[in-house]
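**Q** Next up is a structure, given as structure tokens.
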Amino acid sequence: ATATDRLTVTMTSTRRTDILSLIHLRSDGRRPHEIRHMSCHLGALPSTTSCGSALPTSACSGSSLVSMGLTQVLCVVRGPCEVGRRSEELPDRATLEVNMRTTPFAPPGDRRNVNPTTDRRLIEQSHLLQKALSASILLHLYPKSKISVTVMVLADDGGRLEAAINASTLALMDAGIPLKDMVCACSAGRWNAGGSDEIVVDLNRREIQAATGTGGGGGGTSDTIYLPVATMPQRGTIVLSQCESRLSGGAEAFGDVLESAMGGCQMVMEVMAAAVRERGASLWKAKEGRADVMLHDW
């Protein structure tokens, strides 16, 4: 082989991640404190006021579709409506029911049906989602009623809990349910990669596997942290913070990661607030009779 051929083989064998690490960029080209591209769409499904229909789509009070990078989540809110069983009725506040599901094609490379009633991760994340939303919803305004939140994960490239929290908040606002503040979620992580100990925001699937050691890449040491956080940014209140890592740096290391995650939540709130303003402007145009109507030939 000639010298040119050897040079070509050497250049093509260099991994993209190695080139990005040399210029201090992450595997997807982002800076350490940069969130993934996020898009929000309120009113993804047609809304109705019926709660007693057998069809789930006909009982939609509000909905939203949120994409964070390659992770995409659809949320549907139903209610407030009458509680089916009197034993589940609360005299002083509404009952919040949260169900989180995932499609078989959501996780890459793992096409299998997951039962939401037996899958441990889905049950745990449903409880965390319910806890985060309960801190913001004014449940005392709807006693003896039920508010149902259903989340469907359409694509999972990491951070599905954070995307589910953001989508649920927007769907609740689309349904007209009063909140104390928007609940915004983002993650942050820290691990020793390539000799540098950096804090990154809004981790994707590959980065989560490196931080938790679930991808076989040698992660999950005592120096790694993965921290999903949900906050009410305008109040400065943390409603959810879950860390399953063993911290070697103590409270100081945890505080640095937590501060970065809260900064990511602030950036997420700006995107969500812009989507709410856009939704409000479109509804106002419809009220004045200036809305654009799109007809589909099904």
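The values are calculated or read from the model by the stated rules, or taken from the named source; none is laboratory data. Owing to the predicted nature of the structure, the values given are computational and were not obtained by experimental measurement. Here the Cβ is made from the backbone with ideal geometry for all residues, glycine too, and neighbour counts use every protein chain on show. Accessible surface areas use protein heavy atoms only, side chains included; no ligands, DNA or RNA. Shrake-Rupley method; radii C 1.70, N 1.55, O 1.52, S 1.80 Å.
**Q** For His140, which of the numbered conditions (1) free of Cβ contacts under 8 Å to residues at least 60 places away in the same chain; (2) not in a helix (DSSP H, G or I) fails to hold?
**A** The single condition His140 does not satisfy is (2).
**Q** Regarding Ser21, is this residue touching a Ser or Thr at 6+ places or on another chain (Cβ under 9 Å), part of a helix (DSSP H, G or I) and at pLDDT 55 or above? Walk me through how you get there before you give the answer.
**A** On the way: touching a Ser or Thr at 6+ places or on another chain (Cβ under 9 Å): yes; part of a helix (DSSP H, G or I): yes; at pLDDT 55 or above: yes.
The answer is yes for Ser21.
**Q** Looking at region 204-248 only, could you name the residues that are open to solvent by less than 50 Å² (accessible area, probe 1.4 Å), hydrophobic (A, V, I, L, M, F, W, C) and modelled with pLDDT under 90?
**A** Answer for region 204-248, where residues must be open to solvent by less than 50 Å² (accessible area, probe 1.4 Å), hydrophobic (A, V, I, L, M, F, W, C) and modelled with pLDDT under 90: Ile208, Ala210, Ala211, Ile225, Cys243.
**Q** Out of the residues in region 75-102 meeting the condition of being among the small types (Gly, Ala, Ser) and in a loop (DSSP other than H, G, I, E, B), tell me which one is surrounded by the fewest Cβ atoms within 10 Å (Cβ to Cβ).
**A** Looking at the filtered set, the residue picked out is Gly84.
**Q** Consider region 258-271. How many of its residues are within 23 Å of His127 (Cβ to Cβ) and open to solvent by less than 50 Å² (accessible area, probe 1.4 Å)?
**A** First, the residues of region 258-271 that are within 23 Å of His127 (Cβ to Cβ): 258, 261-262, 264-265, 268.
Of the ones still in play, those that are also open to solvent by less than 50 Å² (accessible area, probe 1.4 Å) are 258, 261, 264-265, 268.
Result for region 258-271: 5.
**Q** Separate question: Inside region 65-74, can you point out the residues that are at pLDDT 95 or above and either assigned to a loop (DSSP other than H, G, I, E, B) or more than 16 Å from Cys186 (Cβ to Cβ) (or both)?
**A** Once the filter is applied, which keeps residues that are at pLDDT 95 or above and either assigned to a loop (DSSP other than H, G, I, E, B) or more than 16 Å from Cys186 (Cβ to Cβ) (or both), region 65-74 yields Leu65, Gln72, Leu74.
**Q** Then there is this: Please list, ordered by first then second residue, the pairs with beta carbon atoms under 8 Å, 6 or more apart or interchain, first in region 156-185 and without any contact (Cβ under 8 Å) to a residue 40 or more places away in the chain, second outside any helix (DSSP H, G or I).
**A** Pairs found: none.
**Q** Taking the stated definitions as given, is Leu139 open to solvent by 10 Å² or more (accessible area, probe 1.4 Å), among the hydrophobic types (A, V, I, L, M, F, W, C) and touching a Ser or Thr at 6+ places or on another chain (Cβ under 7 Å)?
**A** Taking the combined requirement at face value, the residue does not satisfy it.
**Q** Another one. Thr118: at pLDDT 90 or above and at negative phi, yes or no? Lay out the reasoning, then the answer.
**A** Values: at pLDDT 90 or above: no; at negative phi: yes.
Here the answer is no, as Thr118 does not meet what is asked.
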